[in-house]
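Novice: Sharing a structure, written as structure tokens. Questions coming.
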Amino acid sequence: MKRKKRVLFIILFAVAAILLALAIYGAKVFRQAACYGEAVIKEAERDFEQTPSLGKLVNLEVNCVLPWGQYMDQVIFLPGEGIISQGDVKVVNRRYTAQGIVKNITIPLKSTRPGKLEVGTLQTVIERNMHKSAIKKQTLTHKLQPLEFAALKVENPDRLPLADAAVKVPGAGKHYRYWLIGIVSAVIIAAGVFIWIQKRRIKSRQEILPPWVIAQRNLDELRKTADAGKQPLEWCVSKLSDVVREYLSIRFCWRVKQQTTEEFFASLKRKNSPLSASQTFYLEEFMKQSDLIKFANIKPDKDSFSLALDRAEDLVNQTGKTAESSENPATSEVKK
């Protein structure tokens, strides 16, 4: 009897030790993810047809690996040219891993024209209250991959089926056209009211961060990445170029993201440029050095990159929110 009790005691002690070890390991993994983990956004494999037709609803799926102890605060979809959002972005928990939660983000959209279109940008705000970094709220900006849309197929281009049906409506009298105009007007008004209500709902639930705030946070994250050596300097220079282009594109409605370097230089010299001469000179020098690093395999210097990062922060500060209450730097220079 005593031997059985002893065996039972040993078994209970072993189970308790295993549970304690699992609890300690889980706490360690949780702390590691919450304090040092970084959220990652990656597009899921597209399970719809490769070339959806014009006007067809497409549910684009994106996965976000969110470390334990971090929370997704906001998800904002900024559609590209020719793309229309079809409702709210949906976020659900897909699976759980040792490092965190994999969240599935579904973006419903349609196209307004055929061809290869830039889908847009997904901005995700992450709360990181336990993170060792100074930034407790991180904004991830992910540019979605382009998508090809096919044109609508019409069997007889000379006679559209919708037009034939409209002509052959039975029982239509001489007032048919007025009824048709009234119905179309009612549909347009109802659609306008629905869009206005949807925009009010989205605006009340989501706060769209100003472009200078997003750019400043991205620059801070880039500086920490470069200082910690997490990425090579060549990658950091290319990322800095993307951050600057993204900021100028959103801040001034300036389509510089799709421009080549030569087109970018030409747009800098336009008469109504919002930038001063010194800011234009900095951008030209930086873009030339960036192209040499990307295409001529020139090795960047850490001090030069740090100086370029400082100038980029000055550019954002000078043209951001603080510049709205003061005179435009380009205008003030002309007056001088």
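The values are calculated or read from the model by the stated rules, or taken from the named source; none is laboratory data. Worth saying up front: this structure is predicted, and the values here are computed from it rather than measured. Counting neighbours? That spans all protein chains shown, and the Cβs are built from the backbone with ideal geometry, glycine included. Please note that ligands, DNA and RNA were not included when accessible areas were found on the heavy atoms of the full protein model with its side chains. Shrake-Rupley method; radii C 1.70, N 1.55, O 1.52, S 1.80 Å.
Novice: Of the numbered conditions (1) modelled with pLDDT of 85 or more; (2) more than 30 Å from Lys28 (Cβ to Cβ), Val154 fails exactly one; give the number of that condition.
Specialist: Every listed condition holds for Val154 apart from (1).
Novice: Also, I was wondering about something else. Restricting to segment 279-322, name every residue that is modelled with pLDDT under 85, touching a Pro at 6+ places or on another chain (Cβ under 9 Å), open to solvent by 20 Å² or more (accessible area, probe 1.4 Å) and of a type in the set (S, T, N, Q).
Specialist: Across segment 279-322, the qualifying residue is only Gln289.
Novice: Oh, and also: Scan segment 219-260 residue by residue and report those that are among the basic types (Lys, Arg), surrounded by 15 or more Cβ atoms within 10 Å (Cβ to Cβ) and outside any helix (DSSP H, G or I).
Specialist: Lys257
Novice: For Ser267, which of the numbered conditions (1) under 27 Å from Gln74 (Cβ atoms); (2) free of Cβ contacts under 8 Å to residues at least 40 places away in the same chain; (3) surrounded by fewer than 18 Cβ atoms within 10 Å (Cβ to Cβ) fails to hold?
Specialist: (1)
Novice: Which of the residues spanning segment 109-119 are assigned to a loop (DSSP other than H, G, I, E, B) and under 21 Å from the mean Cα position of the chain (by Cα)?
Specialist: Listed by number, the residues that qualify are Thr112, Glu118, Val119.
Novice: Does Thr106 meet the test of being on the phi < 0 side of the Ramachandran plot, in contact with a helix residue (DSSP H, G or I) (Cβ under 8 Å, 6 or more places away or on another chain), open to solvent by 10 Å² or more (accessible area, probe 1.4 Å) and in a strand (DSSP E or B)?
Specialist: No; evaluated as a whole, the condition is false for this residue.
Novice: Now a separate question. Please work out if Ile293 is in contact (Cβ under 8 Å) with a residue 24 or more places away in the chain and either in contact with a Cys (Cβ under 8 Å, 6 or more places away or on another chain) or within 24 Å of Pro79 (Cβ to Cβ) (or both).
Specialist: no
Novice: While we're looking at this one, here's another question. Just to verify a result, which residue in segment 132-144, among those that are part of a loop (DSSP other than H, G, I, E, B) and more than 14 Å from Phe77 (Cβ to Cβ), is most open to solvent (accessible area, probe 1.4 Å)?
Specialist: Restricting to residues being part of a loop (DSSP other than H, G, I, E, B) and more than 14 Å from Phe77 (Cβ to Cβ), the top hit is Lys132.
Novice: Separate question: Quick check on my filter: what residues within segment 203-218 are among the aliphatic types (A, V, I, L, M), modelled with pLDDT under 85 and either crowded, with 16+ Cβ neighbours inside 10 Å or touching an Asp or Glu at 6+ places or on another chain (Cβ under 7 Å) (or both)?
Specialist: Matches in segment 203-218: Leu209 only.
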